[in-house]
Amino acid sequence: MKNIKIIYSLCLLVTLSLFTISCSDDNPDTGVELDFSGTFAQRDQMGRPAINTVFVSSADKDVFNRATPSTMGGLFSQKFQDRLLALNPGYTTNALGLDAATFTSVLATDILSVATSGKTTFFDGTNVLTGRALDDDVIDVELILIFGGPDGSSNPGLTSDNVSANDKTFSSSFPYLASPW
Amino acid sequence: MKKSIIISGLFIFMMINNLLANKDHLVHHLYNPYLQESMIQEELSFWKSKMISNPTQVYYQKYAACLTKLYGVNADLEYLFEAEDILDMALGLHPPQSSSIYRSMVQIKIKQHRFCEALEDLLLAEKLGDNLNLTNAMFFDVYFELGKDDQVQYYLDILSHENDFDYLIRLARWHDSEGRLSDAILKLEEAKLMISDSDIGKMNWIYSNLADFYGHDGQIDKAFEYYKIALQMNSSDWYSLKGLAWVMYSDNRDVVYAIEILNEISSRYFIPVVENLRYEILSNFGESEKASMVKEKLIAKLDHESYFSSYSGLLFDLLIEDPSNFAILNNILAIEKFNRESPEYYAKYVQLLLISGNEVQARHIAHSEVLDKTFEPDALRRILPAMDDNANVYNFLLEQLKEAKFELGPQKYKIIYGDLI
Amino acid sequence: MKLFKFSIGIGLIAVLSILMTSADHIDSPAVTSMPTDITDYYAFSSPENSSNMVFVANLSGLLTPANTTSAGFDENVLIEFNIDNDGDNVEDLVIQAIPRDGKMYFFGPVAPSQTGTSSQVQSGNDPISVDITQYGESAKMTNFGGFKVFAGPRDDPFFFDLGAYMDVLTGNAGGFSDPGTDTFAGTNVLSVVIELPKSMLGNTASLSTWVESKVKS
């Protein structure tokens, strides 16, 4: 595995230097002497949407925001499970068929899984957690998984915030997000 | 009305440009002095309409933050009172899930010098536990004002782990209070380097605070220069304008110009500390009739209990000139004692005791609560008359206060030294 | 600095300094808004070119139109996009974005010299840069060999009835209202958008990603 990584990195370096040669555009910036020195310490992090808001208690927020994903499972799985069962004491399994322990151990590691081929979506009825697109109604997905029970139909008043789209249309071309108000 | 505002805005723009004439590489940052206020007003109405149609805590907080910002622009306490009411309403909606609402409350109370109440809110923020470094920074601020040195040291130590802007500016304040002014300046200059160029608000803040420090250090030209730079970041910043006026007056440079600057501020806002400076300058230059008009207007404006916390020192000084104000002075001090029972409070108390002829008690309190507990010239000059039984102490204080000539200003200096100079 | 040593009476040494501190001093600037607050993170296949991946990180939420002009990225804040290819939740590649003098500089994707909570800018590699789009300007982008970058204010793409959610959470309401209210409607964020060939991301069928904000210490 490690070897592959090294080879890959080498490839990457070669690719980048080829770019440098082939393009004398103003990029990459080589002429400017800028100071990027120093050590940068983590203050916030995010993988999946709204996990922090829903599952992390105020007292844990600082620790969560400064944690790396590889340590999160150990630190937060149990706390997330307690939180889930406090939010929905009747939780058995959800639409993904995950019991409380499995579901929360997945959530506690705050990373976003992305498929490198095919559709990228948080959940579209077929694809599950293959990315997050701008128009995904991620809150409803999370609410269904927390409150909706095995087939998503339990607690109907709690499974949608009834806001299903953004207030501005997204663009089909880069940078995709709508211009500011 | 509107026209005159625009004209006076233009005038101040030109005036500052004039001040900055030899620093043209910095001039391009200058912008319309009304821009800032109108932007906040726009923001305010944005959140207000949201808050009305959909009362949620986050909207209330945003609205209150705008009110607090407006207070920063024009020093009108009514904005802080409204901001506090709004946050109270927000807290009434449901228990907060984030400590930021309590810190907003603390900010409002610190600005009014209601330090003990601020401490209660900080404890609630600490209990919620998120953003603890921000909460701890404010613990420092409040304990610093309360003169609780042990706690100040404790929080300073915690903040030192980050070694960031918030730590450095507080370390500077601490050094300043220890009498290590050049270290304080050093730390503040260090903090300045950490500010992102785009953060004009923070840049403005640090230049005006550095200007204060340089002034206290006797580096008057540097102070002058830094106030001017601060004004380039925000030309409607009355605090830096007042700082410039103070330099002109206290260092005896150009008193007419000082008054002109004060006039410019007053054409827009009624700012008590600015009017108080006007009063002082006028009195000092024998314009007693004009001075007493300014004083009367100022007292009329501030003579409400809700203003006492914020302006206890200023009101105390104005009212103590007439001993018949004894009852109200007592009332003001009772409020200050509740908010901040510090050596500075006791220094005023000593003054009051002297006026009521209670010299023995005055002397006793000056020794036990002020001397050696604070090094602020403003406190020491108050207790000076109570020290006349001990020539050593008296002469020592007299000697030391000489060093604070710039901070004290010509008027207070004259009162202290009278015929001695 | 003025620091005095002077003795008052017998045996009493007082260290006095004469300065003015808080009496006429403005209080510390507000510690309420943080340039490090990440509001949202997106990763999706490019709608324009399915062999590209798009990453979006948003910061500084709830900007009103009036205060978007003055909102800016902080030069002390590094925005780091992390990519894990082997499922160990440790980053194998990072793309780092950091502003300098009105431009956003992008380094990577590159294997970081150090994984975890502290980072150095991988400035051994030549960066790609883009002028930070100012409020009111049309979006400025740099396209360098299929690697596209953008930085600047955008409409907040998130939609959520946060108020109703808080009511549910704190027991004030038994359910959401219908219709709901998008708490973030009409507000802006500061966005960093990156689009690059998927082939630069490690050639695995699936990857894990997360974004971090890191402050210079």
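Points worth noting:
- Filter result for A:T159 (modelled with pLDDT of 95 or more, open to solvent by less than 10 Å² (accessible area, probe 1.4 Å) and within 23 Å of C:L162 (Cβ to Cβ)): no
- Some residue of segment A:167-177 being surrounded by 20 or more Cβ atoms within 10 Å (Cβ to Cβ), touching a helix residue (DSSP H, G or I) at 6+ places or on another chain (Cβ under 7 Å) and either facing chain C (nearest Cβ under 7 Å) or within 26 Å of C:F150 (Cβ to Cβ) (or both): no
- Looking only at segment B:332-347, residues that are part of a helix (DSSP H, G or I), closer than 16 Å to B:D372 by Cα and not aliphatic (A, V, I, L, M) come to 4 in all.
- Scope segment C:183-208; condition farther than 30 Å from C:I128 by Cα, open to solvent by 20 Å² or more (accessible area, probe 1.4 Å) and either charged (D, E, K, R) or more than 7 Å from chain A (Cβ to nearest Cβ) (or both); matching residues: C:F184
- Test: residue in segment B:209-216 that is of a type in the set (A, V, I, L, M) and either in contact with a Lys or Arg (Cβ under 9 Å, 6 or more places away or on another chain) or open to solvent by 20 Å² or more (accessible area, probe 1.4 Å) (or both): yes
- Looking only at segment B:380-393, residues that are open to solvent by less than 10 Å² (accessible area, probe 1.4 Å) and more than 17 Å from B:Y349 (Cβ to Cβ) come to 1 in all.
- Every condition in (1) touching a residue at least 24 places away in the same chain (Cβ under 8 Å); (2) more than 30 Å from C:I95 (Cβ to Cβ) holds for C:D178 except the one numbered (1).
- Of the strands (runs of 3 or more DSSP E) lying entirely inside segment C:39-100, those containing at least 2 residues that are modelled with pLDDT under 95 and not β-branched (V, I, T) span C:52-63.
- Candidates in segment B:22-55 are the residues that are among the β-branched types (V, I, T) and at pLDDT below 95; of these, the one that is most open to solvent (accessible area, probe 1.4 Å) is B:V27.
- The C-beta contact set for segment B:216-238 (first residue closer than 28 Å to B:I40 by Cβ and in contact (Cβ under 8 Å) with a residue 40 or more places away in the chain, second residue among the hydrophobic types (A, V, I, L, M, F, W, C) and assigned to a helix (DSSP H, G or I), distance under 6 angstrom, 6+ apart or interchain) comprises B:K228/B:L19; B:L231/B:I16; B:Q232/B:L26; B:M233/B:I200; B:M233/B:M203; B:S235/B:I16; B:W238/B:I265.
- From C:D92, C:D88, C:D155, residue being surrounded by fewer than 20 Cβ atoms within 10 Å (Cβ to Cβ) and within 30 Å of A:V141 (Cα to Cα): C:D88
- When residues of segment B:106-135 are limited to those that are buried (at least 22 other Cβ atoms within 10 Å of the Cβ), among the polar types (S, T, N, Q) and assigned to a helix (DSSP H, G or I), the one nearest to the other protein chains (Cβ to nearest Cβ): B:Q107
- Residue count for segment B:394-404, restricted to those that are closer than 24 Å to B:L244 by Cβ and either buried (at least 19 other Cβ atoms within 10 Å of the Cβ) or aliphatic (A, V, I, L, M) (or both): 1
- Taking the numbered list (1) at pLDDT 95 or above; (2) open to solvent by 50 Å² or more (accessible area, probe 1.4 Å); (3) closer than 22 Å to C:L207 by Cα in turn, A:S164 passes all entries but (3).
- Hits in segment C:85-108 - residues which are more than 19 Å from B:I195 (Cα to Cα) and more than 7 Å from every other protein chain (Cβ to nearest Cβ): C:N85, C:G87, C:E91, C:L93, C:V94, C:I95, C:Q96, C:F106, C:F107, C:G108
- Among the residues of segment B:136-154, those that are buried (at least 22 other Cβ atoms within 10 Å of the Cβ), of a type in the set (F, W, Y) and more than 8 Å from chain C (Cβ to nearest Cβ) comprise B:F139, B:F140.
- Within segment B:191-204, considering residues that are touching a Phe, Trp or Tyr at 6+ places or on another chain (Cβ under 9 Å) and without any contact (Cβ under 8 Å) to a residue 24 or more places away in the chain, the one least open to solvent (accessible area, probe 1.4 Å): B:S196
- Single match in A:T102, A:T159, A:T68 (criterion: at the interface with chain C (Cβ under 8 Å from one of its Cβ atoms), among the hydroxyl-bearing types (S, T, Y) and without any contact (Cβ under 8 Å) to a residue 40 or more places away in the chain): A:T68
- Failed condition for C:K148, given (1) farther than 20 Å from C:S60 by Cα; (2) open to solvent by less than 20 Å² (accessible area, probe 1.4 Å); (3) modelled with pLDDT of 95 or more: (2)
- The residues of segment C:161-181 that are open to solvent by 20 Å² or more (accessible area, probe 1.4 Å) and of a type in the set (D, E, K, R), listed by number, are C:D167, C:D178.
- Some residue of segment B:367-379 being in contact with a Pro (Cβ under 9 Å, 6 or more places away or on another chain), farther than 22 Å from B:D176 by Cβ and either open to solvent by less than 50 Å² (accessible area, probe 1.4 Å) or assigned to a helix (DSSP H, G or I) (or both): no
- Selection of segment A:73-114 for residues being crowded, with 21+ Cβ neighbours inside 10 Å and in contact with a Gly (Cβ under 7 Å, 6 or more places away or on another chain) yields A:N94, A:A108, A:T109, A:D110, A:I111, A:L112, A:V114.
The values are calculated or read from the model by the stated rules, or taken from the named source; none is laboratory data. Since the structure is predicted, the reported quantities are computational estimates derived from the model, not experimental observations. Virtual Cβ from ideal backbone geometry, glycine too; neighbours counted across all protein chains shown. Heads up: the accessible areas ignore ligands, DNA and RNA and are worked out on the full protein's heavy atoms, side chains in. Shrake-Rupley method; radii C 1.70, N 1.55, O 1.52, S 1.80 Å.
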